[in-house]
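Visitor: First, the structure itself, so that you have it in front of you.
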Amino acid sequence: MKFAKKSLGQNFLSDKNIIRKIINLINIKNKDVIEIGPGLGALTDEILKKKPKSLFVIEKDFLLVEKLKKKYIKNNNLKIFNDDILKFNIEKICKNKSIIFGNLPYNISSQILVKILNFKKWTPKFTDLILMFQKELGDKIIGKFSSSNYGRLSILSNYRLDVSNKFLVSPSCFFPKPKVNSLVIHFTPKKITPSIKYIKNLEKITNIFFSNKRKMINKNLKKLLNEKEIKKIKGINLNSRPSEIKPEIYYKITELLEKK
């Protein structure tokens, strides 16, 4: 496929059944929709058939943007942003009860998810977040405590998002074909009273601990908190390794650190 750029991690979804399956995860009629990385517009076509109130699409590739503009020149409720999603303020264009879709480039998919998790306002304006990841990464995002996939990404995601649905997509559903399976995950935002002010602090904490996965948490924890603060953390075992610590304990460590 001459339009696919390896440098941008482009693999265009082509299987109509999978496209419909993704769109049918949620009712989008008369809803405000955002699509990250529309590519050639395969998902965009199906979204427009469902008659959303508005559709904003964000595409980095200028050549694809030009094609999309020609393709959808008569669609007045579609707005195209030629921008890098990692630099773009997606929170700003989110309207009340928006729905976000994204067939994400594998090479930046975790960064895109973390960007959304870092929205300043939570509960956010979007009600549903439907994203596609490389399966291996997707498994890490939704990995439960004590499973082999549990780690930094699952701790971050679990703080602000619930998983509503998920399904596998085979390489044959794309062109060019990737070498791996993909995983579509349907998230919904948790309605929480945040005890953590800034998710970046939780990122920092999990990075400190999981960069030394095999080491006990004792030394790293004592660099962050004093003995009095550590005693406020219920159920913590200082001889545990990072993967043996429940998400709630990481949230509590971050909360205590922010109060310092």
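Visitor: Being within 23 Å of Glu66 (Cβ to Cβ) and over 12 Å from the mean Cα position of the chain (by Cα) is the filter; apply it to segment 90-104 and report the residue that is surrounded by the fewest Cβ atoms within 10 Å (Cβ to Cβ).
Guide: Of everything passing the filter in segment 90-104, Ile93 is surrounded by the fewest Cβ atoms within 10 Å (Cβ to Cβ).
Visitor: Out of (1) among the hydrophobic types (A, V, I, L, M, F, W, C); (2) farther than 28 Å from Lys190 by Cβ; (3) in contact (Cβ under 8 Å) with a residue 40 or more places away in the chain, what's the single condition that is false for Ile28?
Guide: (2)
Visitor: Taking Ile253, is it among the aliphatic types (A, V, I, L, M), within 23 Å of the chain's Cα centre (by Cα), closer than 23 Å to Ser147 by Cα and in a helix (DSSP H, G or I)?
Guide: Here the answer is no, as Ile253 does not meet what is asked.
Visitor: Now for a different question. Go through Lys121, Lys135 for me and flag whichever is at pLDDT 95 or above and farther than 23 Å from Lys60 by Cβ.
Guide: Lys135
Visitor: For segment 221-240, does any single residue satisfy the condition of being out of contact with any helix residue (DSSP H, G or I) (no Cβ under 7 Å at 6 or more places or on another chain), among the hydroxyl-bearing types (Ser, Thr, Tyr) and touching a residue at least 60 places away in the same chain (Cβ under 8 Å)?
Guide: Checked segment 221-240: no residue is out of contact with any helix residue (DSSP H, G or I) (no Cβ under 7 Å at 6 or more places or on another chain), among the hydroxyl-bearing types (Ser, Thr, Tyr) and touching a residue at least 60 places away in the same chain (Cβ under 8 Å).
Visitor: Now a separate question. For segment 194-228, name all the residues that are of a type in the set (A, V, I, L, M) and part of a loop (DSSP other than H, G, I, E, B).
Guide: Of everything in segment 194-228, those that are of a type in the set (A, V, I, L, M) and part of a loop (DSSP other than H, G, I, E, B) turn out to be Ile196, Met216, Ile217, Leu225.
Visitor: Report yes if Ile112 is within 21 Å of Asp15 (Cα to Cα), of a type outside the set (Asp, Glu) and under 16 Å from the mean Cα position of the chain (by Cα), otherwise no.
Guide: no
Visitor: Can you work out which of the residues in segment 115-164 that are assigned to a loop (DSSP other than H, G, I, E, B) and within 13 Å of the chain's Cα centre (by Cα) is surrounded by the most Cβ atoms within 10 Å (Cβ to Cβ)?
Guide: Looking at the filtered set, the residue picked out is Ile142.
Visitor: Can you pull out every residue in segment 20-41 that is modelled with pLDDT under 95 and either in a helix (DSSP H, G or I) or not assigned by TED's automatic domain parsing to the domain that holds Leu68 (or both)?
Guide: Within segment 20-41, none qualify.
Visitor: Check segment 231-244 and report whether any residue there is in the same structural domain as Leu129 (by TED's automatic domain parsing), assigned to a loop (DSSP other than H, G, I, E, B) and among the polar types (S, T, N, Q).
Guide: For segment 231-244, residues in the same structural domain as Leu129 (by TED's automatic domain parsing), assigned to a loop (DSSP other than H, G, I, E, B) and among the polar types (S, T, N, Q): absent.
Visitor: Is segment 99-116 home to any residue that is out of contact with any strand residue (DSSP E or B) (no Cβ under 9 Å at 6 or more places or on another chain), more than 26 Å from Ile199 (Cα to Cα) and assigned by TED's automatic domain parsing to the domain that holds Asp139?
Guide: no
Visitor: Mind checking which residues of segment 24-46 are closer than 19 Å to Glu59 by Cα and of a type in the set (A, V, I, L, M, F, W, C)?
Guide: If the condition is that a residue be closer than 19 Å to Glu59 by Cα and of a type in the set (A, V, I, L, M, F, W, C), then Val33, Ile34, Ile36, Leu40, Ala42, Leu43 are the ones that fit.
Visitor: So, in segment 165-201, of the ones that are closer than 24 Å to Glu244 by Cα and in contact with a Leu (Cβ under 6 Å, 6 or more places away or on another chain), which residue ends up surrounded by the most Cβ atoms within 10 Å (Cβ to Cβ)?
Guide: Step by step, filter segment 165-201, then rank; the result is Ile196.
Visitor: Another question, then. Please go through segment 39-55 and give me each residue that is under 22 Å from Val180 (Cβ atoms) and buried (at least 23 other Cβ atoms within 10 Å of the Cβ), ordered by number.
Guide: Matches in segment 39-55: Gly39, Leu43.
Visitor: Picking from Ile58, Ile47, Ile85, which residue would you name as being modelled with pLDDT of 95 or more and assigned to a loop (DSSP other than H, G, I, E, B)?
Guide: After ruling out the rest, the residue left standing is Ile85.
The values are calculated or read from the model by the stated rules, or taken from the named source; none is laboratory data. From a predicted model like this one, the values you see are computed outputs, not experimental measurements. Methodologically, a virtual Cβ is constructed for each residue, glycine included, from the backbone with ideal geometry; neighbour enumeration extends over all protein chains shown.
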